[in-house]
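I'd like to ask you about the structure that follows.
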Amino acid sequence: MATKAYAAFNAVDPLGPHTIERRNLNAKDVFIKIAYCGVCHSDLHTAKSDWGPANYPAVPGHEIVGTVEAIGAEVTKFKVGDIVGVGCMVESCQHCHSCDEGLEQYCENGFTGTYNSKNSKYGGITYGGYSENIVVEEGFVLNIPTNLPLENVAPLLCAGITTWSPLRHWNVKKGDKVGVVGLGGLGHMGVKFAKAMGAHVVMITTSASKGEDAMKLGADEVLISKDAEQMKKHAYSFDFLLNTIPVAHDVNPYLLLLKLDKTMCMVGAIEPFPIHGGVLINKRRNIAGSLIGGIKETQEMLDFCGEHGVVSDVEVIKMNEINEAYVRMQQSDVKYRFVIDMKTL
């Protein structure tokens, strides 16, 4: 099926109009007309080949919401007209230990990304949500709560699940003192989720103005990490830290905030950074990482959002504004996630 899309053709030129081919429906496939697609930093990194050479032309987008327009003969979970979502994965092996545990994001044979990924089952390269429609096997399609605005739901499929998964895995609960380090697309969701889980939420930031914004999002306190006295006051007091800073940085001052046996989870930076062994040893602290979430966990997050009214703060843009949005995203000039209205494609 010929499908209109927007693509990156190389690492230098702006994204522009393109036509891609979507496969015809197989028995387990769901055909989705895309209404909104969120814009993730991963989209920008892929378009610019920041993580190695992209498979050009690359069609980004893995925060997808839309309407089911057709289903394969054996589809049982969805019907035409359903409001659904697609996140960062469209396939996994389904037979390794991780997949058996519902942790497809850790598939031992490698999951198939929604875009710019080799499609081991159907061949070719996957194309993402900067497009009219998408065809996905029903096992990787998600139900969207109908009481939530779709444009605000889209970023939940990446920014949302990236922060939800570690908060759930480390059992954040009512009364815990939780620090969210950094306020951006990920950090603002971390604040909202931790607050909705009943935690006492502290925004940890270098910026007083971001602290003010975090309070509006639901944070209970602000800790300015550049202030040595404030950091000392909060030492040994946190039950969990969610670190969303996207670049390499000194993590040791943050680790000192943790209680005995507690964890700081990294969800942003992938560059190497120094860790002082004594900071871990002296309080048996842990530093860990987390990658998106499995399909079951993502559905649980969406259901929670429907029950608690949790959504992303977004700025809706037209498709032809994507290149400007990439520039602004690099300048942290968005609160807190761009979302493309696909009617404008």
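The values are calculated or read from the model by the stated rules, or taken from the named source; none is laboratory data. Note that the coordinates shown come from a computational prediction; the quantities given were computed from them, not determined experimentally. For neighbour counting, all protein chains shown are included, and Cβ atoms are generated from backbone atoms with ideal geometry for every residue, glycine included. Keep in mind that these areas ignore ligands, DNA and RNA; they rest on the heavy atoms of the full protein, side chains included. Shrake-Rupley method; radii C 1.70, N 1.55, O 1.52, S 1.80 Å.
Could you give me the residue pairs with C-beta distances under 7 Å whose first residue belongs to the stretch 56-69 and is open to solvent by 10 Å² or more (accessible area, probe 1.4 Å), whose second residue is part of a loop (DSSP other than H, G, I, E, B) and aromatic (Phe, Trp, Tyr) wherever it lies, and which are 6+ apart or on separate chains?
Once the first residue is open to solvent by 10 Å² or more (accessible area, probe 1.4 Å) and sits in the stretch 56-69, its partners that are part of a loop (DSSP other than H, G, I, E, B) and aromatic (Phe, Trp, Tyr) give Tyr56/Phe9; Pro57/Phe9; His62/Tyr115.
Could you identify the single residue in Lys226, Lys233 that is loosely packed, with under 13 Cβ neighbours inside 10 Å and either on the phi > 0 side of the Ramachandran plot or touching a residue at least 12 places away in the same chain (Cβ under 8 Å) (or both)?
Working: Lys233 fails: either on the phi > 0 side of the Ramachandran plot or touching a residue at least 12 places away in the same chain (Cβ under 8 Å) (or both).
The conditions single out Lys226.
Check the stretch 172-189 and report whether any residue there is more than 22 Å from Leu255 (Cβ to Cβ), free of Cβ contacts under 8 Å to residues at least 24 places away in the same chain and open to solvent by 30 Å² or more (accessible area, probe 1.4 Å).
no
To continue, here is another question. What are the residue pairs meeting all of these: first residue in the stretch 143-171, first residue closer than 14 Å to Glu63 by Cβ and in contact (Cβ under 8 Å) with a residue 40 or more places away in the chain, second residue crowded, with 24+ Cβ neighbours inside 10 Å and acidic (Asp, Glu), Cβ atoms under 7 Å, and 6 or more apart or on different chains?
Taking only residues 6 or more apart or on different chains, the pairs are Ala154/Glu63; Pro155/Glu63; Leu157/Glu63; Cys158/Glu63.
Could you say which residue among Lys335, Lys343, Lys259, Lys283 is in a strand (DSSP E or B), over 26 Å from Glu101 (Cβ atoms) and of a type in the set (Lys, Arg)?
Sole residue among the options that is in a strand (DSSP E or B), over 26 Å from Glu101 (Cβ atoms) and of a type in the set (Lys, Arg): Lys259.
What are the pairs, 6+ residues apart or on separate chains, where a residue within the stretch 117-130 that is touching a residue at least 24 places away in the same chain (Cβ under 8 Å) has its Cβ under 9 Å from a residue that is open to solvent by 80 Å² or more (accessible area, probe 1.4 Å) and among the polar types (S, T, N, Q)?
From residues that are touching a residue at least 24 places away in the same chain (Cβ under 8 Å), the pairs are Ser120/Asn109.
Within the stretch 32-43, how many residues are in a helix (DSSP H, G or I), farther than 14 Å from Ala7 by Cβ and open to solvent by less than 10 Å² (accessible area, probe 1.4 Å)? Talk me through it step by step, then tell me what you get.
Going through the stretch 32-43, the residues in a helix (DSSP H, G or I) turn out to be 41-43.
Filter once more, keeping what is farther than 14 Å from Ala7 by Cβ: 41-42.
Cutting the leftovers down to open to solvent by less than 10 Å² (accessible area, probe 1.4 Å) gives us none.
Residues in the stretch 32-43 being in a helix (DSSP H, G or I), farther than 14 Å from Ala7 by Cβ and open to solvent by less than 10 Å² (accessible area, probe 1.4 Å): 0 in total.
Something else: Across the stretch 76-100, what is the number of residues that are without any contact (Cβ under 8 Å) to a residue 60 or more places away in the chain and assigned to a loop (DSSP other than H, G, I, E, B)?
Taking the stretch 76-100 and keeping what is without any contact (Cβ under 8 Å) to a residue 60 or more places away in the chain, we get 79-81, 90-100.
Pick out the ones that are also assigned to a loop (DSSP other than H, G, I, E, B) and you get 79-81, 92-96.
The qualifying residues number 8.
Same structure, new question: Suppose we filter the stretch 197-223 for residues that are loosely packed, with under 15 Cβ neighbours inside 10 Å, part of a loop (DSSP other than H, G, I, E, B) and of a type in the set (A, V, I, L, M, F, W, C); how many remain?
0
Can we say Ile20 is more than 22 Å from the chain's Cα centre (by Cα), touching a residue at least 40 places away in the same chain (Cβ under 8 Å) and open to solvent by less than 50 Å² (accessible area, probe 1.4 Å)? Reasoning before the result, please.
Numbers: more than 22 Å from the chain's Cα centre (by Cα): yes; touching a residue at least 40 places away in the same chain (Cβ under 8 Å): yes; open to solvent by less than 50 Å² (accessible area, probe 1.4 Å): yes.
Judged against the criteria, Ile20 is a match.
Take the residues in the stretch 306-332 that are assigned to a loop (DSSP other than H, G, I, E, B) and without any contact (Cβ under 8 Å) to a residue 40 or more places away in the chain; name whichever of them is nearest to Val59 (Cα to Cα).
Lys318
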